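First comes the structure, then the notes that go with it.
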Amino acid sequence: MTHDQLSKNLYILQNNINTELQAKKFDIAKHREENGSGGDEVDVANSINDLNRIISDANKLKVKQRQIQAAIGRAEHGEYGLCIECGEQIPAGRLLSLPLALRCVDCESLQPYR
Ligand SMILES: [Zn+2]
């Protein structure tokens, strides 16, 4: 599998994430509507917890969406799959399992624990 073929996976990822994000936005809108109708305190508390969870999921998806966009940007400049530290090609196998990997295994291992 070439890096060119691998970069095509990014568009599939982008499509998936856009669909997921749309679904979350729909859930959030629905939740806000339902919250307007009241209910007892426990219902409201549960509903707020649900809503916060959906919003936090949506925000995680947005972060991922930005990472995918950045990777697509690199692909358009022919830089997808090049390690951002040492400039070496990241092996195809690594990109297959981690399409958004920015570093080769060697450079990744030198990163401080996050
Ligand atoms: Zn490297």
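The values are calculated or read from the model by the stated rules, or taken from the named source; none is laboratory data. What you see is a predicted model, and the numbers here were worked out from it, not measured in a lab. Please note: Cβ atoms are built from the backbone with ideal geometry, for glycine as well, and neighbour counts cover all protein chains shown.
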With respect to ALA45, is the statement that it is more than 16 Å from the ligand (Cβ to nearest atom), part of a helix (DSSP H, G or I) and over 16 Å from the mean Cα position of the chain (by Cα) true?
-> yes
Test: LYS30 is more than 16 Å from the ligand (Cβ to nearest atom), among the basic types (Lys, Arg) and exposed (fewer than 15 other Cβ atoms within 10 Å of the Cβ) = yes
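Residues being among the β-branched types (Val, Ile, Thr) and surrounded by 14 or more Cβ atoms within 10 Å (Cβ to Cβ): count how many of those fall in the range 56-81.
Matching residues across the range 56-81 total 2.
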The one condition LYS64 fails out of (1) away from the ligand (no atom under 15 Å from the Cβ); (2) of a type in the set (D, E, K, R); (3) over 25 Å from ASN18 (Cα atoms) is (3)
For GLN111, work out the one condition from (1) under 21 Å from the mean Cα position of the chain (by Cα); (2) within 11 Å of the ligand (Cβ to nearest atom); (3) surrounded by 12 or more Cβ atoms within 10 Å (Cβ to Cβ) it doesn't fulfil.
-> (3)
Exactly one of ILE68, ILE54, ILE84 is on the phi < 0 side of the Ramachandran plot, touching a Leu at 6+ places or on another chain (Cβ under 6 Å) and assigned to a helix (DSSP H, G or I), and that residue is ILE68
Could you tell me whether ASN59 is over 30 Å from MET1 (Cα atoms) and either more than 16 Å from the ligand (Cβ to nearest atom) or in contact (Cβ under 8 Å) with a residue 40 or more places away in the chain (or both)?
-> yes
Counted residues in the range 47-82 being modelled with pLDDT of 95 or more, among the charged types (D, E, K, R) and farther than 20 Å from ARG103 by Cβ come to 4
Say we look at the range 90-102 and pick out the residues that are away from the ligand (no atom under 14 Å from the Cβ) and either of a type in the set (A, V, I, L, M) or in contact with a strand residue (DSSP E or B) (Cβ under 6 Å, 6 or more places away or on another chain) (or both); which of these is nearest to GLN65 (Cα to Cα)?
-> LEU100
Filtered residue count, the range 90-114, keeping only those that are in a helix (DSSP H, G or I) and farther than 19 Å from ASP4 by Cβ | 5
From the list GLY73, GLY87, pick out the single residue that is of a type outside the set (A, V, I, L, M) and either within 10 Å of the ligand (Cβ to nearest atom) or closer than 16 Å to THR2 by Cβ (or both).
-> GLY87
